[in-house]
Amino acid sequence: MQIIDGKSLAQEIRQQIAREVEDLKKSRDITPGLAVILVGDDPASHAYVKMKAKACKEAGIYSITHEMPESISQGEIEETITMMNRNPNIDGILVQLPLPGHLDATRLLELIDPRKDVDGFHPFNVGRLVAGLEGFVPCTPLGVMKMLERYGINPKGKNACVVGASNIVGKPMAALLLNAFATVEVCHIYTQNLAEHTRRADILVVGVGKPNLITEEMVKEGAVVVDIGINRLEDGSLVGDVDYEAVAPKCSYITPVPGGVGPMTIAMLLQNTLTAAKARP
Ligand code: NAD
């Protein structure tokens, strides 16, 4: 069994991005810029945004966070997005999710210029992903594909099972694996007999948000297991969706939590922002 070390891979990628940012500054006088819209006081959202800002800074990417109160109106956020769409120094725009219930997240995401949609949530980019065309891909599933690639795991011809079917994790993950010629099953809360599906998987990717959802008997011997889940337990510790201790000995490869997919997500955000900056006219 080999542990897929997302932390060190992410670090390596971030160093490479920092070098490319430096080159871009020298050769074209471009400093990549990221604008983040953060609404309300959700502590987890604040923590994620802080990590993203720090990562940008370390890579030499300019970032600005528009912090808005919980009571902000849809119109005011739309104005900010429109402004960022027009700002030539901003290459990437992201709206930190989840948003308070009175806001229409779909409308906000659709307002972002698809060329600045570094989270890859705009239907334009979702469509391009499904069609197998170039475009921005959501950072978490993109990070998973980078991990597989780096560890020489080729999905072609493999049975892949994705557990969780959200727009930001499961669905784009399934599309990427399908584009890489895996045979893909997608499971969700209404899937009956989950184990029947997961046991078939050569590559099992789980993004649900339930500790210990995946137990040892649900995993095929020698499988590659990627755990996207992040759950904070009462004692403050972080765990994924997979019963790591029991499942790991059965796997050929497994990602830990923390130190697996999480750090890759941030690295991919920087990567997408750099890509957007390089595409400036
Ligand atoms: P979500 O709540 O939007 O979606 C959860 C999905 O899991 C849904 O499709 C639902 O049908 C499915 N599901 C729920 N219970 C299930 C069950 N018992 N069996 C099978 N499927 C079930 O969540 P999300 O935003 O997609 O996030 C999923 C997890 O991934 C969370 O733990 C989140 O914290 C984590 N996450 C991690 C990263 C990262 O960088 N590592 C990024 C985003 C999300």
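The values are calculated or read from the model by the stated rules, or taken from the named source; none is laboratory data. Just so it is clear, the model here is predicted, and its values are computed rather than measured. In this analysis, Cβ positions are derived from the backbone assuming ideal geometry, glycine residues included, and neighbour counts consider all displayed protein chains.
The residue that is farthest from the chain's Cα centre (by Cα), among those in the stretch 98-110 that are buried (at least 17 other Cβ atoms within 10 Å of the Cβ) and assigned to a loop (DSSP other than H, G, I, E, B), is LEU103. For the stretch 235-268, give me each residue that is farther than 22 Å from ASN193 by Cβ and either away from the ligand (no atom under 16 Å from the Cβ) or touching a His at 6+ places or on another chain (Cβ under 9 Å) (or both). Hits for the stretch 235-268 are ASP235, GLU245, ALA248, PRO249, SER252, TYR253.
Please state which of the following conditions VAL206 fails to meet, knowing it meets all the rest: (1) free of Cβ contacts under 8 Å to residues at least 60 places away in the same chain; (2) farther than 13 Å from VAL144 by Cβ; (3) near the ligand (Cβ under 9 Å from one of its atoms). Every condition holds for VAL206 apart from (2).
Here the stretch 147-168 is the region considered, the condition is being surrounded by 22 or more Cβ atoms within 10 Å (Cβ to Cβ) and in a strand (DSSP E or B), and the residue that is nearest to the ligand (Cβ to nearest atom) is VAL163. For the stretch 111-131, the set of residues classified as over 18 Å from the mean Cα position of the chain (by Cα) and closer than 20 Å to GLY170 by Cα consists of ALA131 only. Scanning the stretch 173-190 turns up one or more residues that are closer than 26 Å to LEU129 by Cα, polar (S, T, N, Q), out of contact with any Lys or Arg (no Cβ under 8 Å at 6 or more places or on another chain) and more than 9 Å from the ligand (Cβ to nearest atom). Scan the stretch 196-224 for residues that are of a type in the set (A, V, I, L, M) and farther than 14 Å from ALA160 by Cβ and jot them down. VAL208, LEU213, ILE214, MET218, listed by residue number. Among what's in the stretch 246-262 and is buried (at least 22 other Cβ atoms within 10 Å of the Cβ) and touching a residue at least 40 places away in the same chain (Cβ under 8 Å), pick the residue that is farthest from the chain's Cα centre (by Cα). This residue is CYS251. For THR82, the conditions (1) within 16 Å of THR273 (Cα to Cα); (2) part of a helix (DSSP H, G or I) are fulfilled apart from (1). Checking the stretch 252-261 against the condition returns no match, with no residue being farther than 29 Å from ILE13 by Cβ, in a loop (DSSP other than H, G, I, E, B) and out of contact with any strand residue (DSSP E or B) (no Cβ under 6 Å at 6 or more places or on another chain). So, in the stretch 141-196, exactly how many residues are among the polar types (S, T, N, Q) and farther than 21 Å from GLY260 by Cα? Within the stretch 141-196, residues that are among the polar types (S, T, N, Q) and farther than 21 Å from GLY260 by Cα number 6.
Out of the residues in the stretch 82-96 that are aliphatic (A, V, I, L, M) and crowded, with 17+ Cβ neighbours inside 10 Å, which is farthest from the chain's Cα centre (by Cα)? So that I can check it myself, show each step before the final result.
Narrowing the stretch 82-96 to residues aliphatic (A, V, I, L, M): 83-84, 90, 93-95.
Now restrict to residues that are crowded, with 17+ Cβ neighbours inside 10 Å: 84, 90, 93-95.
Numbers: MET84: 22, ILE90: 20, ILE93: 15, LEU94: 12, VAL95: 13 Å.
It comes out as MET84.
Let's see how each residue does on (1) buried (at least 19 other Cβ atoms within 10 Å of the Cβ); (2) small (Gly, Ala, Ser):
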position: TYR190; (1), (2): no, no
position: ASN193; (1), (2): no, no
position: ALA201; (1), (2): yes, yes
position: THR215; (1), (2): no, no
position: GLU221; (1), (2): no, no
position: ASN231; (1), (2): no, no
position: LEU238; (1), (2): no, no
position: ASP241; (1), (2): yes, no
position: TYR244; (1), (2): yes, no
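Restricting the stretch 17-45 to residues that are in a helix (DSSP H, G or I) and surrounded by 15 or more Cβ atoms within 10 Å (Cβ to Cβ) leaves a set whose member that is nearest to the chain's Cα centre (by Cα) is SER45. Residues that are small (Gly, Ala, Ser) and at pLDDT 95 or above within the stretch 8-52 comprise SER8, ALA10, ALA18, SER27, GLY33, ALA35, GLY40, SER45, ALA47, listed in sequence order. Considering the stretch 174-188, and only residues there that are touching a residue at least 40 places away in the same chain (Cβ under 8 Å) and of a type in the set (A, V, I, L, M, F, W, C), the residue that is surrounded by the fewest Cβ atoms within 10 Å (Cβ to Cβ) turns out to be ALA175.
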